[in-house]
Structures are given as C-alpha cells and as structure tokens.
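The values are calculated or read from the model by the stated rules, or taken from the named source; none is laboratory data. These numbers were taken from a predicted model, which means no experiment stands behind them. Please note: Cβ atoms are built from the backbone with ideal geometry, for glycine as well, and neighbour counts cover all protein chains shown. Quick note on the areas: whole protein, heavy atoms, side chains included, nothing else; ligands and nucleic acids left out. Shrake-Rupley method; radii C 1.70, N 1.55, O 1.52, S 1.80 Å.
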Amino acid sequence: MSIRDVYIVDAVRTPIGRFGGALSSVRPDDLAAHVVRSLVDRTPDLDPARIDDVVLGDANGAGEDNRDVARMAVLLAGLPVSVPGVTVNRLCGSGLEAVIQAARAVALGDASVVVAGGVESMSRAPWVLQKPERAFPAGHQQLHSTTLGWRMTNPRMPAEWSVPLGEGAELIADKHALGRERQDAFALASHRKAAAAWAAGLYDGEVVPYDGVELTRDECIRDTTSMEALAKLKPSFRADGTGTVTAGNASPLNDGAAALLLVDEAGLRETGREPLARIRASAVTGVEPQLFGLGPVEAVRRALDKAGRTFADLSTFELNEAFAAQSLGCLAEWPELDPALVNPRGGAIAIGHPLGASGARLAGSVAHQLAAAGSGTGLAALCIGVGQGLALVLER
C-alpha cells in the first residue's frame, strides 16, 4: 500500500475572544459550524458532498459541545447529511490531533477530502455535578467548573502529578532558572508581534469574523502593555515570594474555532486551488504530568527526525504559549533552534488559547506563513495537560 501525499488547501479561524467577551454569547457548536462553512465557501469548486469526514478537536465536551460537536457542526453548517463528523480529545492538543488524524486517513487512502480543526468556548464551559452514589443525599453537593484544569481527580493519582497548571509552569521556571523579568519580556514580545501582524494585515487571509459579533481582531492583544504594567501583576500560583507566573505571562481563557481543508492529489484537483503546504510528519510523546509544559521537547525532535529535517531546516515555528515559563523552558532545551523563528506573528499569550482550537490555529498559521514565503519547512507544537507533547511538520 502506497502512502499518499496530504495537502493543506486552506485554513481559517475565528478571531479569538476573551473569557466572557465578544464570543461568549456564541455556542461552541455554532463557532465550529462557522469555520466549517467558511472553509467550504472559500473553495466553491469543491462539492461539499465530496467531504469524506469532519474531524474536530474539543477539550471539554461537557456542555453545548457534547454529543459529538463535529457532527453537530456539519449539520449546523448546512453540509449534506451524508458528511460524517467525529470529535477527538487530546486536551490542549485536540485541534492538532484532529489535523493529524485527518491527515493519516488521507495518507492511507481511507479518505480523499477531510475538514479538520477544533473548537472551544471556555466562557460557556458548564459547572457539573457528580451523580451521587446513592439516591437523594441529604447534604450539600459540590459543583465542579469545567473551564480548565483538574476536577474530580482520582484519589489514586499521585499528588505531585495533579498540581495546578500554573504550578507546573513554576516548576519549569525553577528547573531552568527563568526569572519573572524574563517571562514578562517574553509575554511583552508576544503582544507586540501579534499587534504588528494584525496591523500589517498578516491575518486577513485566515481570520473569518463571526456574523453578528463585533469582533474582527483577537480580543486579548494588549497593544499598549509594558514591562512596567506587567511587573505590577501579582503571582497567581505562589504567594510565598517565590512565584513568577502571573496573568500577564500566561495565556488567557478564550473562545474560538479553527478549521483546515486536507486533501490528496485527487481531492486537490477537485478544489482547483494551489495548496498552502504539505504535511510531512508528526509525533506525540509523554512526560511527567507536572512537567507537562516540556512535553513538546521530545515530540518536536521526533517529528523532525521522521521528516528527515533538523532545526536548521526550519523557516517558521508556531509553539503554543501556554505560559512564558513553559515556552522558555522548551526553548532552553532546543539550543540548536533560532528563537527568532518562533511565533513571528505573536503567540497564545497575546492571541489566546481556546483549548480545543489552538492546535488547529497553529497548523493553519504555519501553512499560511509557508504559502506567503513560497517555500520552507514549518513546525507546529503544543504542550498538553497531564503530560504530553504533540508536533507536526509542514513543508512547501
């Protein structure tokens, strides 16, 4: 059996909304339907009935995104009912996992045309109540927020594995001696690069605003922030004087969706379009859960090795900025990498991190950057809660 080449024809995303912000009134299944519909509309030569599957990542799935949000997006987007949909969950890596699974189906010949992406509404993530073990308990019952992080944790899980995500970032800061000022400087650069990219129109070709919502740019970018402003923020996870992780040098809570169109050679001919990029290789790895932020370190090395490439071959690298400490920790373990290649259009600290959508956003951004450059090798990677890393290599 021959392995087919897999091409990314197009990639779109919504502007990323802040928690409780402009997109908080929009259901996640509607956000997902919007990017799916927008993607299809941008390729009018493709018959929507030719789409073999829609694969979407979603990290929560506990609220309006339940019941297979990918299939709901197909129906709400007005695609033919013959188009199936499947939802996958690798937490923060869900959107990139969706792209990788879709690419695998195309490469193996199980599909010719697939839509892949992700969605998350952290604003609309519900509180959940565990079902009691016995009927009608007399005492008060606890609601658990599903917005982010550990909940209803198995008591058999070692305590050091289930620390808050921010404490995990603090552990990485300790490990690599990453002080507060360095983290704040990284965050400031993220905002400045994102603001500059938007001002230069670099996102115009991939961002599709949601109809009826007055949001045309990522909502969390702070054009006027400064080192002085960031320095005023208190540590969020350690109050003993050793804390360095703040709301200013961590990614915010967000809402958004992203989608990519993946095809083989036959599907490419049907689109009548030139592809943005070709998928070359991917890798996933695991690390200790409390050091989840270093998950990309080995995943990136393995993906590059599979692709027959090195850091020297890269022309761009989208690394999800869950925390400045986490990103800087990864960079410290890649001394061969030129840090100037990383997140040239800003990262998640400024743009936002809607969990299930972020990986698809990164892959789409790399594809658009490679298309703009005309050639090159790009990489998208994320750390993942509970200790995983995921990476994808693209080429043009």
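Summary table below
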read-out: Under the span-like rule (Cα at least 24 Å along the axis, Kyte-Doolittle mean at least 0.0), DSSP H helices of the chain; value: 355-373
read-out: Theoretical FRET efficiency, 1/(1+(r/R0)^6), r = Cβ-Cβ of K131 and E181, R0 41 Å, to 0.05; value: 0.30
read-out: The stretch 144-256 shape via C-alpha gyration tensor axes, a/c threshold 1.5; value: oblate
read-out: Extension reserve of the E288-A49 stretch, reckoned as 0.36 nm per residue once the Cα distance is removed; value: 81.7 nm
read-out: Inter-site label distance for R192 and E270 at 7 Å from Cα along Cβ, in nm; value: 4.8
read-out: Mean Cβ neighbour count within 10 Å, used as a protection proxy, ranking 324-335, 248-259, 375-386 highest first; value: 248-259, 375-386, 324-335
read-out: Charge-dipole axis of the chain as Lys and Arg at +1 and Asp and Glu at -1 on Cβ define it, positive-most pick from T225, V106, G346; value: T225
read-out: Which of T242, A299, M72, positive extreme of dipole for the chain (C-beta unit charges); value: T242
read-out: Rounded to the nearest 20 debye, dipole of the stretch 7-55 from Cβ charges on Lys, Arg, Asp, Glu; value: 340
read-out: Trypsin sites (Lys or Arg not before Pro) within the stretch 134-170: DSSP coil, no more than 11 neighbouring Cβ in 10 Å; value: R134, R156
read-out: For the chain, size of Cβ-based charge dipole, Lys and Arg +1, Asp and Glu -1, in debye; value: 480
read-out: Portion, in percent, of the accessible area of the stretch 183-291 that falls on carbon or sulfur, probe 1.4 Å; value: 52
read-out: Amide H within-cut-off set for V6, under 5 Å, with H built and near neighbours excluded; value: I279
read-out: The chain - convex hull of alpha carbons, volume per residue in Å³; value: 155
read-out: Gaussian network model of the chain, springs between alpha carbon atoms under 10 Å - residue of S82, S190, S38 with greatest fluctuation; value: S82
read-out: Stokes-Einstein D in µm²/s, Kirkwood radius over Cα pairs - the stretch 234-388 at 25 °C with 0.890 mPa s viscosity; value: 147
read-out: Ordering of 346-355, 50-59 by burial proxy (mean other Cβ atoms within 10 Å per residue, highest first); value: 346-355, 50-59
read-out: The stretch 1-51 - convex hull of the alpha-carbon atoms, volume per residue in Å³; value: 135
read-out: Built amide H within the under 5 Å cut-off of A125, gap 5+; value: none
read-out: 5 angstrom amide H check on F323, placed H, neighbours 5+ away; value: S251
read-out: The stretch 219-311: equivalent-ellipsoid semi-axes (sqrt of 5 x gyration tensor eigenvalues, Cα, Å); value: 38, 22, 12
read-out: Charge dipole (debye, nearest 20) of the stretch 1-92; +1 at Cβ of Lys and Arg, -1 at Cβ of Asp and Glu; value: 220
